[in-house]
Amino acid sequence: MAINIEATIWYLVLLDCVGSNVVAWFFTDWYHDKFEVLHKYFPLTKSWAFMYLILVLWVGWLLYRLEILPW
């Protein structure tokens, strides 16, 4: 099974999701210091990052069930 555009997009979103969870769980102070204006409009909290992870994994499970993701 070849990697298609849906799988590529999902892997990129998964990479973004893992990165946001790492920052939310371990580097929250760095995020607030580095992005002073941005964190006022886009607060990075553990609950939102975890929900993002759950949704991305759910979409990945659906793509796997449809035999789109080449695990």
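Numbers below:
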quantity	calculated
Hydrodynamic radius by Kirkwood, which averages 1/r over all alpha carbon pairs of the chain, in angstrom	13.4 Å
Karplus-derived HN-Hα couplings along the stretch 24-41 (A = 6.51, B = -1.76, C = 1.60, θ = phi - 60°), whole Hz, x at Gly and Pro	5, 8, 10, 10, 5, 5, 4, 4, 5, 6, 6, 10, 5, 7, 5, 6, 6, 8
Residue 35 accessible area, 1.4 Å probe, all protein chains in place, Å² to nearest 10	80 Å²
Residue 45-residue 15 FRET efficiency (beta carbon distance; Förster radius 25 Å; 0.05 resolution)	0.80
GluC sites (Glu not before Pro) restricted to DSSP loop in the chain with at most 10 other C-beta within 10 Å	36, 67
Full-extension gain in nm, residue 6 to residue 22, via 0.36 nm per residue minus C-alpha separation	3.3 nm
Accessible-area ranking of 23, 13, largest first, probe 1.4 Å	13, 23
Value of relative contact order over the chain, rounded to a whole percent, pairs C-alpha under 8 Å and six or more apart	51 percent
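The values are calculated or read from the model by the stated rules, or taken from the named source; none is laboratory data. Computed from a predicted structure; not experimentally measured. Glycine also receives a Cβ, built like all others from the backbone with ideal geometry; neighbour counts cover every protein chain displayed. Quick note on the areas: whole protein, heavy atoms, side chains included, nothing else; ligands and nucleic acids left out. Shrake-Rupley method; radii C 1.70, N 1.55, O 1.52, S 1.80 Å.
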